[in-house]
Structure formats: C-alpha cells, structure tokens
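Nothing in this text is a laboratory measurement; each read-out follows from the coordinates by a stated rule. Bear in mind the structure is a predicted one, so any value in this text is a computation, not a measurement. No Cβ is skipped: glycine too gets one built from the backbone with ideal geometry, and neighbour counts run over all protein chains shown.
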Amino acid sequence: MSDFRRAPYTFLNTILTASADEAKALFARHLSEDAVFDVAYPVNRLDRREAVIEGFFEPLKAALSNVRRRDEIFIGGPNRRAPGGHWVASVTHYVGNFEKPLFGVRPSGHLAFLRSGEFYRVEPDGRISEARIIIDLLDLMRQAGRFPLPRKLGTEMLFPGPATHDGVLPSGQADGEKTLDLCEAMLADLKAFDPETFTSKGQTGDDGYWHDDMLWYGPGGIGSNYRWSGFEKDHRAAFLTAFPDRVGGNHYCRIGDGNFAAVSGWPSMTMTHQGDYLGVKATGKSLTLRVMDFYRCSESKIMENWVLLDYLDLFRQMGVDLIERSHDSNGN
C-alpha cells in the first residue's frame, strides 16, 4: 500500500518555492477545487481553492521573503473521529525575513520562525480537501518586538523538534493506535481536577501518563515548561483559575502514527471567563478555544507535547484585539 502521507508532504514542502507556472500545476494536482481551509484568526474560513491560495499561501510568500517550510513533525493516519477519513498533521515553521505585514502584524525586517500547527484531510485521489491551521501570530509579534500582553507565563522559545529527531514521516516505530490510546486516556482523566491543587488523577507517578521529565511546548503567551510541576505553575494554574468550568476534547480529528499522536478541535474547548487572565479582567463571557495537540510517547509515557492555541480568537471574544494592541507595544 502506498504511503498517503508523502503526496501532501511533498506538495507542502514544494509549493512555496515553486515558480508561478509550477505552483498553478501543483495546486491543481494536490488541492481539491472545493477545498475548505479554516485558519486561525483573523483569517478564518477560506472556501474553495482560489480563496485558499489568495488568503493563505500568497500572504505568506509576500510577508516572509524567500519563505521556506521547516517541518518538525509530519504524521498521518486514519481519523478516529467522525467523519473519519485519512488525515496528516504537522508542526512546522515558516522561515523567512519578515519584511511585509502578515494578517495585520507589522514586520520586523528580520528573520522570523512562524510556527504553525496544521491538519489536512487527504482524499483517496491524494488531494487535500480540508484543512485546519493555527499560525502563532502572537509569537510572531514577540519575535518582531511587538508583544501585546503584559506578562509571560513560561519560557517563550522556538519550538524544538522531537528529542529523538524522528517526527517527520516516521517509520518502523510503535503501533500508532496504541500511542493514540495512551493520549486519549490521559485526556479523559485530565478533564477533572482538584480546584485547590489543579491536579488530575493518573497524570504523574509510576502509573501516570506523563514521564517525570516531560516537556510541554506552549504557544505565544503561555510559553514552554518542564516537568508536571512546571506545567502547573507556568500554565495550568493560571488557565484553570481564569476558566474553571472549561470542558475540552470536542475533537474533529485524532490520529496516531508510530510514537506520535495528534488531536485537534475547532473549537475544542468551551468555558466561561471567570478570573483575570494575562492582564484581562474577568468578563463573565462564554468563550470557545481552537486547540491542537501533538504528542511523542515512549514506553507507555508521554514524553513531549506541542500545543497550538488560537489565542487571537480567544482574546477577541474577551474584547481585546491583540493585533491592534501590538501596534502600540513597546516589545515586552
């Protein structure tokens, strides 16, 4: 059986550097005419091939000169969630000199690594028919010296690839279905937590889901952290204090591939803004959050977790325009 991951992988890693004539042929061959892309705010829905080209690929090429794609994870598998099908998912960076505005974010004139989490539905003919993409524009603002939030939680850093350096088209690894089983069990138990300690059952310890030396790589505004204690201190405590009734796991896609798994919801989470969060006073508003999680597992433990969140959309719902605010930022 042919590897369905390779056609979209080759397309996505070729299209940004192709000539105009080559790009036209590549889009026709690899992107369905009625393809629908849902991209993080402020792009949102792009309906049909031409809208996808004009609304996503062309702005990237215009803003990041000589842009290249640099995948850290690229996996694929059958989707456990309705409506099924085969999907590929990736953690990547778009690398180039940030010389023109991108979706309202003002340029730095310098090198940028724009991180992105991406899920693509691949049809039997090999074409991409559907996509969900979270580009981390908040981290791009940080790189440009225009960070619009008053504080940071964890360590803001470039997303590293897997410690094992084997996340792109993995082969000869563990059973991806078992990897996904582990991550699904963790997610099920993570929903409930102690409001005093913010802990959930089964997460740590000898029989826990997470390795003692787990690494959690978070998006702009949250940052990354080390070990469960760092995860609670630098992310979970602040998040659950602000959104104590959050309910997650509303996923359209869950796939496993070797030692890796990926899940995403659009939105995944519903919650109420009941406490202050990153400088925004509690509004009492009902909110939703678009989420992507990528996992590397080993020996029945979760070792690394890459997380993309559409925070520009979340803060928009709280009444804050982070793009507009970044225009007046002094680069905290």
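Once segment 290-316 is narrowed to residues that are closer than 13 Å to Val39 by Cα and crowded, with 21+ Cβ neighbours inside 10 Å, the residue that is farthest from the chain's Cα centre (by Cα) is Leu312. Condition (residue is surrounded by fewer than 18 Cβ atoms within 10 Å (Cβ to Cβ), closer than 21 Å to Ser224 by Cβ and β-branched (Val, Ile, Thr)) applied to segment 142-165: is it met by at least one residue? Yes - at least one qualifying residue is present in segment 142-165. All but one of (1) farther than 15 Å from Asp139 by Cβ; (2) touching a Lys or Arg at 6+ places or on another chain (Cβ under 9 Å) hold for Ser326; state the number of the condition that does not hold. Failed condition: (1).
Flag set for Ser200, criterion: under 25 Å from Ala174 (Cβ atoms) and either without any contact (Cβ under 8 Å) to a residue 40 or more places away in the chain or of a type outside the set (A, V, I, L, M, F, W, C) (or both). Looking at Leu46, Leu140, just one residue is touching a residue at least 40 places away in the same chain (Cβ under 8 Å), touching a Gly at 6+ places or on another chain (Cβ under 8 Å), not in a loop (DSSP other than H, G, I, E, B) and not aromatic (Phe, Trp, Tyr), and that residue is Leu140. Among the residues of segment 70-91, those identified as assigned to a strand (DSSP E or B) and either more than 18 Å from the chain's Cα centre (by Cα) or surrounded by fewer than 22 Cβ atoms within 10 Å (Cβ to Cβ) (or both) are Arg70, Asp71, Glu72, Pro78, His86. Just to verify a result, which residue in segment 197-219, among those that are surrounded by 18 or more Cβ atoms within 10 Å (Cβ to Cβ) and part of a strand (DSSP E or B), is nearest to the chain's Cα centre (by Cα)? Only one residue tops the list, namely Tyr217.
Of the residues making up segment 4-28, not one is surrounded by 14 or more Cβ atoms within 10 Å (Cβ to Cβ), more than 20 Å from Gly85 (Cα to Cα) and among the charged types (D, E, K, R). Scanning segment 49-67 for residues that are crowded, with 19+ Cβ neighbours inside 10 Å and in a strand (DSSP E or B) gives Leu64, Val67.
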